Amino acid sequence: MELRKIIGILLIAMALLTLEVGSVSNFREASMEREVIVGYGDPFIDVSCETHVICCHQIGVITVKNNLDEPIEVYLLRKRCHCTQRTYIGTIEPGHSENIYVLPGNYTIQAEWNSGGAKINVTCPCIRREHHD
């Protein structure tokens with residue numbers, strides 16, 4: 001009986017020692033990434049599209065607003081055939097916005113700044129017309 005108690009105490013002591021050694025850690029390195037929120041809530045870069053009918057033609061207006069604390073370079077990307085067309089829109093200063101006039105369709109806004117970048121997909125829908133007989 002005495003031997004079982006000693007073995008039990010030794011096993012418990014070894015388990016506690018293992019837990020203690022397992023809980024030791026060192027802080028040697030740190031790394032951070034900044035998350036960029038786009039398109040909803042209180043976004044850093046806000047992108048939206050409205051479609052308008054002007055003289056029987058549909059025109060999409062993509063609005064890009066820069067809510068970051070630094071300027072962004074903006075490009076409009078559109079897939080055509082088997083390649084992607086990349087058009088430079090310009091620099092948007094903090095707190096400002098830019099309107100881009102397009103035909104209805106699917107586009108990607110590419111925004112770049114010193115510490116990162118983002119690609120935001122946006123759709124400018126076609127307005128369906130009602131047919132009267």
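No lab work stands behind these numbers, since they all come straight from the coordinates. Everything quoted here is computed from the prediction, not taken from an experiment. Here Cβ is always computed from backbone atoms with ideal geometry, including for glycine, and neighbour counts include all displayed protein chains.
So the values come out like this:
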{"quantity": "Equivalent ellipsoid semi-axes, segment 45-124, via Cα gyration tensor eigenvalues times 5, rooted, Å", "calculated": "23, 16, 9"}
{"quantity": "Ranking of Glu98, Glu2, Glu93 by count of other Cβ atoms within 10 Å, fewest first", "calculated": "Glu2, Glu93, Glu98"}
{"quantity": "Distance between segment 44-58 and segment 62-104 - C-alpha centres, whole angstrom", "calculated": "14"}
{"quantity": "Fewest-first ranking of Ser115, Ser97, using other Cβ atoms within 10 Å as the exposure measure", "calculated": "Ser115, Ser97"}
{"quantity": "Stretchable slack from Glu73 to Cys56, in nm (0.36 nm times residue separation minus alpha-carbon distance)", "calculated": "2.8 nm"}
{"quantity": "Proximal lysines to Lys119, defined as alpha-carbon separation beneath 27 angstrom and excluding residues fewer than eight positions away on the same chain", "calculated": "Lys65, Lys79"}
{"quantity": "Footprinting exposure proxy for Leu76, Leu103, Leu10, Leu3 (fewest neighbouring C-beta atoms within 10 Å first)", "calculated": "Leu3, Leu10, Leu103, Leu76"}
{"quantity": "Amide proton proximity set for Leu103, modelled H, under 5 Å, gap of 5+", "calculated": "Gly60"}
